[in-house]
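Written out below as structure tokens is the structure these notes cover.
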Amino acid sequence: DDIESISILKSAAATALYGSRAANGAIVITTKRGQAGDRPRVDLITSATFSRPLKLPELQNVYGQGWSSDHILDENGSWGPKLDGKDRLWGNVVDNSQQIKPFSAQPDNLKDFYETGYNINNSLSISGGKEAATYYFNYGNVFADGFIPGDADQLKRHNITLRGTLKGRKLSSDVSVNFVRKEVNAVASGQGRNSPTLFQEIIQVPRDMSIVDWKDYNNKFNNIDNFHTRYAQNPYFGINENGNEFNENRIYGKIGFTYQFTDWINLTYRLGADVANATVKEWTAVTTPTPGSPNETQTPSVGTVNEASLTATEFDHSLLLNSFVNLSESFTLSALGGLNVNERYTRNLTTQVVGLDIPGFYHISNSSGAPIIGNQSTLRRLIGVYAQAELAYKDFWFVTATVRNDWSSTLPEDSRSFIYPAFNTSFVFTEALGI
């Protein structure tokens, strides 16, 4: 809702203008800004999207729980006898009682497990101004919850945008500031013995069992000790007891000045900045079956906590001299020359502990083992010079020549000198005929 237009620059043309960073092309996004008018303009946009899984695994529904054609009650596979619809005991014996159900297929057990997800997007913008000054304000938010049960896959995002322009007789300026707050909960993915993941668990459910019946994972038949198989974990336990949180604050924007020396030549300077700070926290619960319980031989999970602090900053300076001359009634010549300096810095600090002393307390200090610490940082600097000239004849044809040269390097974090041992040069020549 904040985008005015999007354009695509391909290969060589993008490289000439944006350097080695655009070697494969560039996507140029123009955002909305205030327009001169008698009255302010107010736009309010609200949208809602609902989602369900598009495609699920196609599974057989002929054979039920077991292995080698035998109905084995603690198996997690569907290699047992043919499903006949007769009532059978299933699961473990708990407190001298056992569950009973028909030995029949549950073809929609995966489908029924997922819920309907939603995405609600709101945007409010106020804009206006006069010829000499314009303004634009936008507040937007997104509230989303995926189709995994509960709030384990949620997104909350708030963004505020301020833009303005000032135009004088010789000097004009524009400024843009954006703030984004993002909070994300994610579900563990992949596969691991010590930290079982969601899809790994639900794909192992025998074809004659309903997954949604296990929502109460503290029920005596569904808990760690007595769950029907020791080879898998109740998926609702993983959703509710394991977690992943990502929180980010990001500020980005630019300020630019243009000075009009004459009608045919001007100088523009732009400074852009993008600063993001994020934290990540992941945890897995302690799952140690009670000695003497049906699942006492299950491989335990000792519990883990991972925390990370992520920092990313980028500063971009651009100086551009631009001219446009009418050589005659038929010919026009435009030319530009520029300098670009770009610096990117990242730092990732990670800490992990394995083996939690107090179950359910997810903090780095909750382990007698030494934490595993990692620290990675990068600093990359790039400087580029470029020029372009275009000769046009009555808009019927034009000839354009563009040249750009970049020097760049990745330096140690504590380096403060500009060193450019590597460079990239591009030259583009185009011509086109109009109709």
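The values are calculated or read from the model by the stated rules, or taken from the named source; none is laboratory data. Just so you know, these numbers come straight off a predicted model, no measurement behind them. All Cβ positions, glycine included, derive from the backbone under ideal geometry; neighbour counts span all protein chains shown. Just the protein is used for accessible areas: all its heavy atoms, side chains included, with ligands, DNA and RNA removed. Shrake-Rupley method; radii C 1.70, N 1.55, O 1.52, S 1.80 Å.
One table, with the values for the structure above:
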quantity	calculated
The stretch 305-322, residues that are in contact with a Ser or Thr (Cβ under 9 Å, 6 or more places away or on another chain), surrounded by fewer than 16 Cβ atoms within 10 Å (Cβ to Cβ) and modelled with pLDDT under 95	LEU319, LEU321
VAL302 vs. criteria open to solvent by less than 60 Å² (accessible area, probe 1.4 Å), over 23 Å from ARG169 (Cβ atoms), under 30 Å from the mean Cα position of the chain (by Cα) and not charged (D, E, K, R)	no
Any chance ALA152 is part of a strand (DSSP E or B), hydrophobic (A, V, I, L, M, F, W, C) and farther than 30 Å from LYS82 by Cβ	no
Given (1) open to solvent by 50 Å² or more (accessible area, probe 1.4 Å); (2) in a strand (DSSP E or B), index of the condition SER328 fails	(2)
Checking VAL385 against (1) open to solvent by 80 Å² or more (accessible area, probe 1.4 Å); (2) under 30 Å from LEU320 (Cβ atoms), the condition it does not meet	(1)
Selection count where residues are assigned to a loop (DSSP other than H, G, I, E, B) and not hydrophobic (A, V, I, L, M, F, W, C), scope the stretch 30-56	11
Output for the stretch 306-361, where each listed residue is in contact (Cβ under 8 Å) with a residue 40 or more places away in the chain and among the β-branched types (Val, Ile, Thr)	THR313, VAL325, THR332, VAL341, THR350, THR351, VAL353, VAL354
Failed criterion for ILE203 (all others in (1) open to solvent by 60 Å² or more (accessible area, probe 1.4 Å); (2) over 29 Å from the mean Cα position of the chain (by Cα); (3) within 27 Å of PRO107 (Cβ to Cβ); (4) not acidic (Asp, Glu) hold)	(2)
When residues of the stretch 212-269 are limited to those that are among the polar types (S, T, N, Q), assigned to a strand (DSSP E or B) and more than 30 Å from PHE179 (Cβ to Cβ), the one farthest from the chain's Cα centre (by Cα)	THR262
Boolean, PHE227 is modelled with pLDDT of 95 or more, open to solvent by less than 40 Å² (accessible area, probe 1.4 Å) and in contact with a helix residue (DSSP H, G or I) (Cβ under 9 Å, 6 or more places away or on another chain)	yes
Pairs with Cβ under 8 Å, 6+ apart, first in the stretch 6-26 and among the β-branched types (Val, Ile, Thr), second buried (at least 17 other Cβ atoms within 10 Å of the Cβ) and modelled with pLDDT under 80	THR15/ALA22; THR15/ARG404; THR15/SER426; THR15/VAL428
Unmet criterion (only one of (1) within 30 Å of ASP263 (Cβ to Cβ); (2) in contact with a helix residue (DSSP H, G or I) (Cβ under 8 Å, 6 or more places away or on another chain); (3) at pLDDT 85 or above) for ASN342	(1)
Some residue of the stretch 155-167 being of a type in the set (Gly, Ala, Ser) and either open to solvent by 30 Å² or more (accessible area, probe 1.4 Å) or within 19 Å of the chain's Cα centre (by Cα) (or both)	no
Looking only at the stretch 40-61, and only at residues there that are open to solvent by less than 70 Å² (accessible area, probe 1.4 Å) and of a type in the set (A, V, I, L, M, F, W, C), the one that is nearest to the chain's Cα centre (by Cα)	ALA48
Tally, over the stretch 65-83, of residues that are open to solvent by 70 Å² or more (accessible area, probe 1.4 Å) and part of a loop (DSSP other than H, G, I, E, B)	3
Subset of the stretch 202-216 [under 19 Å from ALA188 (Cα atoms) and either among the acidic types (Asp, Glu) or in contact with an Asp or Glu (Cβ under 8 Å, 6 or more places away or on another chain) (or both)]	ILE211
Residue under evaluation ARG88, criteria (1) assigned to a strand (DSSP E or B); (2) surrounded by fewer than 17 Cβ atoms within 10 Å (Cβ to Cβ), criterion not met	(2)
Residues located in the stretch 22-72, provided they are modelled with pLDDT of 90 or more, of a type in the set (Ser, Thr, Tyr) and under 29 Å from TYR118 (Cα atoms)	THR46, SER47, THR49, SER51
Every pair of residues 6+ apart whose Cβ atoms lie under 6 Å, when the first sits in the stretch 131-149 and is closer than 16 Å to VAL177 by Cα and among the small types (Gly, Ala, Ser) while the second is in a strand (DSSP E or B) and open to solvent by 20 Å² or more (accessible area, probe 1.4 Å)	GLY140/ASN159
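Here is a yes/no grid of residues against (1) open to solvent by 70 Å² or more (accessible area, probe 1.4 Å); (2) at pLDDT 95 or above; (3) of a type in the set (Ser, Thr, Tyr); (4) over 30 Å from GLY34 (Cα atoms):
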site: LYS101; (1), (2), (3), (4): no, yes, no, yes
site: ALA105; (1), (2), (3), (4): no, yes, no, yes
site: TYR118; (1), (2), (3), (4): yes, yes, yes, yes
site: GLY129; (1), (2), (3), (4): no, no, no, no
site: VAL142; (1), (2), (3), (4): no, yes, no, no
site: ARG193; (1), (2), (3), (4): yes, no, no, yes
site: THR197; (1), (2), (3), (4): no, no, yes, yes
site: ASP208; (1), (2), (3), (4): no, yes, no, yes
